[in-house]
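Working notes for the structure below.
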Amino acid sequence: MPYATAQCIIFYTVLKNNNMTDKIVKWSAAKETSPGNVRDYNEDAGMAKTQNRLWVVADGMGGHEAGDVASNMITQALDGVIPDVDFTHYIDQIDDALSSVNQQLRVMARDKYNGRTIGSTVVAMIAYDKYVAYLWAGDSRIYRVRNRQITQLTRDHSEVQNLVDQGLLDAKDAESHPSANVITRAIGASDNLYLSTGIEEIENEDLYILCSDGLYRDISEGELLQLSLSGDPETVCDDLMRVALSREAKDNITIVVTKSTFQNDD
């Protein structure tokens, strides 16, 4: 792979449904990260821990030796979470780990950085049985590609999204708005952490794209869809990064792509 990081892992879980025989769900995943074309350092971090059914993207803020510390603290903390047979408990463990990082960053900002905000967005997805759950804070996103259609599953915690929701800004103008980079939630941004969550049932050959804003600032949703139609996570990841780096790529870019494939339990 020509980019900073790439990996592809295969993992199998059992999917059960009362109306059909047991199925095997094969999860494949790929990850890439790059500082982009302008910055000399990378404040993003990503994780594709497919054996634990866990995928993560974090986009740090606070400058070099601060934002990258924050994003890597998130992936390191989640890397230490042990999968649980109880889905709710597994999600709670993810929540607890992120809350712990939030408090650590608050203390670090006070003691080491003179109160300067040190933080990171986060988007994490967990697969369990026939479902995926996802948690997020900030403007890192999850897209799902299903039946040749793309859907953004997360809703940005940002000033421009608030303006769009209030009818004060057209969604098509959000990316070029002066406040496009201003987020309203992040790990480390405040003493109390509020994560948004979602859950959905998976279907065969669902493709999920987790990404920092450096990707979707340069690639439209329609282009994301077209570049995802090969269905192979490693190819999709590679193509998305290649096209993003052919554009301005002013920001860091991190992409995690994962796909579910149902197989009969023969």
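Just wondering, is there one or more residues in the range 175-190 that are closer than 13 Å to ILE142 by Cα and in contact (Cβ under 8 Å) with a residue 60 or more places away in the chain?
Among the residues of the range 175-190, not one is closer than 13 Å to ILE142 by Cα and in contact (Cβ under 8 Å) with a residue 60 or more places away in the chain, which makes the answer no.
Name the single residue, out of those in the range 1-46 being among the aromatic types (Phe, Trp, Tyr) and modelled with pLDDT under 70, that is nearest to ASP79 (Cα to Cα).
It comes out as PHE11.
Could you run through the range 33-73 and say how many residues are part of a loop (DSSP other than H, G, I, E, B) and out of contact with any His (no Cβ under 7 Å at 6 or more places or on another chain)?
Of the residues in the range 33-73, 14 are part of a loop (DSSP other than H, G, I, E, B) and out of contact with any His (no Cβ under 7 Å at 6 or more places or on another chain).
Just name the residue that is modelled with the highest pLDDT out of those in the range 59-72 that are surrounded by 15 or more Cβ atoms within 10 Å (Cβ to Cβ) and over 14 Å from ALA189 (Cβ atoms).
Once the filter is applied, the top-ranked residue is ASN72.
Could you list, in sequence order, all residues of the range 199-222 that are at negative phi and surrounded by fewer than 17 Cβ atoms within 10 Å (Cβ to Cβ)?
ILE199, GLU200, GLU201, GLU203, ASN204, SER220, GLU221, GLY222 - these are the residues of the range 199-222 that are at negative phi and surrounded by fewer than 17 Cβ atoms within 10 Å (Cβ to Cβ).
Go through the range 109-136 and give me each residue that's hydrophobic (A, V, I, L, M, F, W, C) and either closer than 21 Å to LEU227 by Cα or out of contact with any helix residue (DSSP H, G or I) (no Cβ under 8 Å at 6 or more places or on another chain) (or both).
ALA109, VAL123, MET125, ALA127, VAL132, TRP136
Which of the residues spanning the range 234-266 are surrounded by 24 or more Cβ atoms within 10 Å (Cβ to Cβ) and hydroxyl-bearing (Ser, Thr, Tyr)?
Once the filter is applied, which keeps residues that are surrounded by 24 or more Cβ atoms within 10 Å (Cβ to Cβ) and hydroxyl-bearing (Ser, Thr, Tyr), the range 234-266 yields THR254, THR258.
If I filter the range 122-137 for residues that are assigned to a loop (DSSP other than H, G, I, E, B) and either acidic (Asp, Glu) or in contact with a Pro (Cβ under 9 Å, 6 or more places away or on another chain) (or both), do I get at least one hit?
Within the range 122-137, one or more residues are assigned to a loop (DSSP other than H, G, I, E, B) and either acidic (Asp, Glu) or in contact with a Pro (Cβ under 9 Å, 6 or more places away or on another chain) (or both).
Give the residues of the range 74-90 that are outside any loop (DSSP other than H, G, I, E, B), at pLDDT 95 or above and of a type in the set (A, V, I, L, M, F, W, C), sorted by residue number.
Initial filter on the range 74-90 (outside any loop (DSSP other than H, G, I, E, B)): 74-79, 87-90.
Right, trim to at pLDDT 95 or above and you get 74-79.
Across the range 74-90, the qualifying residues are ILE74, ALA77, LEU78.
Taking the range 109-153 as the search range and keeping residues that are under 23 Å from GLU65 (Cα atoms), touching a residue at least 40 places away in the same chain (Cβ under 8 Å) and over 18 Å from the mean Cα position of the chain (by Cα), which one is surrounded by the fewest Cβ atoms within 10 Å (Cβ to Cβ)?
Filtering first and then ranking leaves ARG116.
The values are calculated or read from the model by the stated rules, or taken from the named source; none is laboratory data. Everything numeric here is computed off the predicted structure, so don't read it as measured data. A quick note on method: Cβ atoms are made from the backbone with ideal geometry, for glycine too, and the neighbour counts reach across all protein chains shown.
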